[in-house]
Amino acid sequence: MGTNTRSDTVKAFLATYLLPVVQLLLGGVFLFSGFVKALDPAGAVIKLDDYATAFGLTIIPLFTYLTAFLQAAFEFALGAFVLLGLYKRLTAWLVLLFMGIMTPFTLYLALANPVSDCGCFGEAITLTNWETFGKNVVLFVFSVFFYLFYARTWTLFGHRTSRWAATWVVLFPLLIAIHAYRHQPMIDFRPFKPGTDLRALTTAVPDSFSYSFIYEKEGIRQPFTIDQLPASDEGWTYVDRSEQLVKAGKSPVIDNLAILHPDAGDITASLLADTSYVFLYVADKLETADRRRVPDAREAYAYAHTYGYAFYGLTASDQTTIDEWRYEYDTPFEFCTADDRLLTTMTRSNPGLILIKNGVVLRKWAYRDIPEFASLDKPLYESSIGQPRHRSLFRVLGLSLLVFLFPLLYFHQLHTGRLARLEHHTLTSSTSV
């Protein structure tokens with residue numbers, strides 16, 4: 001009897017104090033993971049292609065995009081289900097099953113290292129494979145605990161409103177992913193977002209050292225800094241020099257930015273040093289680039305040519321493909337070549353247009369959003385197009401949170417209102433009896 005009482009006390013303590021923490025952390029991690037994947041489905045596709053290459057698989061592009069969309073929606077919805085208490089038993093099973101698969105899989109990734117980054121949190125947070133495995137071990141423990149106590153977790157909805165809430169929870173990340181696919185990610189975690197100084201990110205910071213000079217006098221050795229070196233007539237004799245690392249240097253954030261002109265060679269430095277506006281028409285693969293808005297690119301080039309702005313095409317395609325493209329679509333601007341991964345990092349749209357000045361990214365457009373330069377009759381410095389556009393991270397997150405929560409609050413209000421009406425009806429019936 002005493003043992004059962006003690007066991008019940010422990011369970012009650014865990015359910016009261018530890019379960020809410022586990023529910024928040026477990027649900028929050030899944031929600032965040034799904035959200036950042038929905039923000040950048042093209043990035044998730046790139047990571048899936050990395051996995052396919054590492055394991056020697058060939059995947060149809062349409063399937064990778066479908067997988068990226070569904071993965072983002074699944075992880076986001078699973079996290080929201082945990083946090084909101086939706087379909088408790090099913091959610092507990094799915095979380096446990098998911099972590100039961102991913103934990104040994106990430107152990108294999110840590111041991112074999114087929115890819116350097118698992119892509120769990122997209123471009124927002126980069127983890128090594130061992131860090132990912134450690135994270136998953138913790139989440140697996142949380143998922144076991146959550147499964148054991150799921151019946152005691154909170155819930156915010158009733159039977160009917162749970163269906164409405166679940167539908168919205170699945171639909172929300174899909175809408176974000178569709179928007180990012182058609183335009184640009186609402187939140188850009190890559191090093192080419194507007195406002196970025198590319199010169200700073202392509203420059204390495206060397207290690208910083210302090211130096212000590214060892215001198216000897218009458219059998220005694222003493223270190224001196226460079227500002228304290230003894231005079232030659234003081235009897236000190238130089239013996240040795242030592243160095244101490246004061247501050248470790250940093251590798252450049254962007255280490256593969258090399259833009260090769262067909263005639264001038266590497267023009268990266270001159271392009272970033274250009275004090276005027278520079279247009280970059282980026283199409284990582286001309287073979288798969290959307291051709292419907294090529295006239296918009298020609299109009300942008302004509303505008304740039306009129307006002308003396310540089311305009312370059314950037315692609316990773318070979319010269320034969322470039323020549324065929326220029327002939328077929330009558331593109332008057334020249335194409336430079338660059339690394340394919342670099343170009344997909346610069347813009348997720350294929351093609352896309354980037355505007356820079358003094359090496360700073362000012363604007364980025366997906367091909368669907370390229371402005372109508374044919375109707376622009378003034379230089380860029382007099383137009384809003386030529387001004388930097390910064391998206392506040394907190395503003396975007398705040399608006400996204402409001403859009404996500406508003407329907408859920410409405411469904412919750414319907415649920416609580418229905419409960420209040422039922423309670424009132426029950427009280428009225430008992431009083432009348």
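Brief remarks follow.
- In percent, rounded to a whole number, the relative contact order of the stretch 238-316 is 30, using alpha-carbon pairs under 8 Å and six or more apart.
- Here the label points at Ala273 and Leu25, each 7 Å from Cα along the C-beta direction, are separated by 5.2 nm in the simple model.
- Pairs from the table (Lys135/Lys250; Lys247/Lys364; Lys37/Lys357; Lys135/Lys285) lying more than 28 angstrom apart at Cα are Lys247/Lys364; Lys37/Lys357; Lys135/Lys285.
- C-alpha center-to-center spacing [the stretch 156-207, the stretch 233-249] in angstrom: 51
- In nm, spacing of pseudo-spin labels at His261 and Phe13 (7 Å Cα→C-beta vector): 7.4
- Per-pair calculated FRET efficiency, R0 = 22 Å: Val360 and Leu127 via Cβ, rounded to 0.05: 0.15
- Normalising the average separation of contacting C-alpha pairs (under 8 angstrom, six or more residues apart) by the number of residues puts the relative contact order of the chain at 15 percent.
- Rough spin-label spacing in nm, given labels placed 7 Å along Cα→Cβ, for Leu201 and Thr167: 4.1
- Surrounding net charge for Ala338, when Lys and Arg each add one and Asp and Glu each subtract one, Cβ distance under 11 Å: -3
- Neighbours of Leu39, meaning other residues whose beta-carbon lies under 10 angstrom from its beta-carbon, give a summed charge of -2 when Lys and Arg score +1 and Asp and Glu score -1.
- Residue of Leu31, Leu148, Leu83 that the Gaussian network model of the chain assigns the largest fluctuation, springs spanning Cα pairs under 10 Å: Leu148
- Computed over neighbours whose Cβ is under 15 Å from that of Thr153, the net charge equals +4, Lys and Arg +1, Asp and Glu -1.
- For the chain, a simple Cβ point-charge model (Lys and Arg +1, Asp and Glu -1, everything else neutral) yields a dipole of about 2780 debye relative to the Cα centre.
- Panel order for Lys47, Lys217, Lys135, Lys364, by other beta carbons found within 10 Å of each beta carbon, from fewest to most: Lys217, Lys135, Lys47, Lys364.
- Packing order of peptides 157-168, 184-195, 67-78, 396-407, highest average first: 67-78, 184-195, 157-168, 396-407 (average count of other Cβ atoms within 10 Å over each peptide's residues).
- Charge-dipole axis of the stretch 260-386 as Lys and Arg at +1 and Asp and Glu at -1 on Cβ define it, positive-most pick from Gly313, Thr275, Gly386: Gly386
- Using the average count of surrounding beta-carbon atoms within 10 Å as a protection proxy, the listed peptides 265-276, 101-112 rank, highest first, as 101-112, 265-276.
- Residue among Ser242, Ser232, Ser116 with the largest mean-square fluctuation in a Gaussian network model of the chain, springs linking Cα atoms under 10 Å: Ser232
- Reported to the nearest whole Å, the Cα centre-to-centre distance from the stretch 271-298 to the stretch 42-93 is 31.
- The gain in end-to-end length when the Ala248 to Asp340 segment is fully stretched comes to 30.1 nm, 0.36 nm per residue minus the alpha carbon separation.
- Look at the dipole of the stretch 206-247 built from charges on Cβ: of Ile220, Ser242, Pro230, the Cα furthest out on the positive end belongs to Ser242.
- The Cα atoms of the stretch 206-247 cover 37, 17, 10 Å along the three principal axes, with the biggest extent listed first.
- Amide N of the stretch 192-215 lying under 17 Å from the label point, which is placed 7 angstrom from the Cα of Arg241 along Cα→Cβ: 207-215
- For the stretch 260-386, a crude dipole built from +1 on the beta carbon of Lys and Arg and -1 on the beta carbon of Asp and Glu, taken about the Cα centre, is about 520 debye to the nearest 20.
- Quotient of Cα Rg and 2.2 N^0.38 Å for the chain, N being how many residues it contains: 1.34
Bear in mind these aren't lab numbers, they're just calculated from the coordinates by the rules spelled out. Here the structure is a predicted model, which means the values were calculated and not measured. Note that each Cβ is placed from the backbone with ideal geometry, even for glycine, and that neighbours are counted across all protein chains shown.
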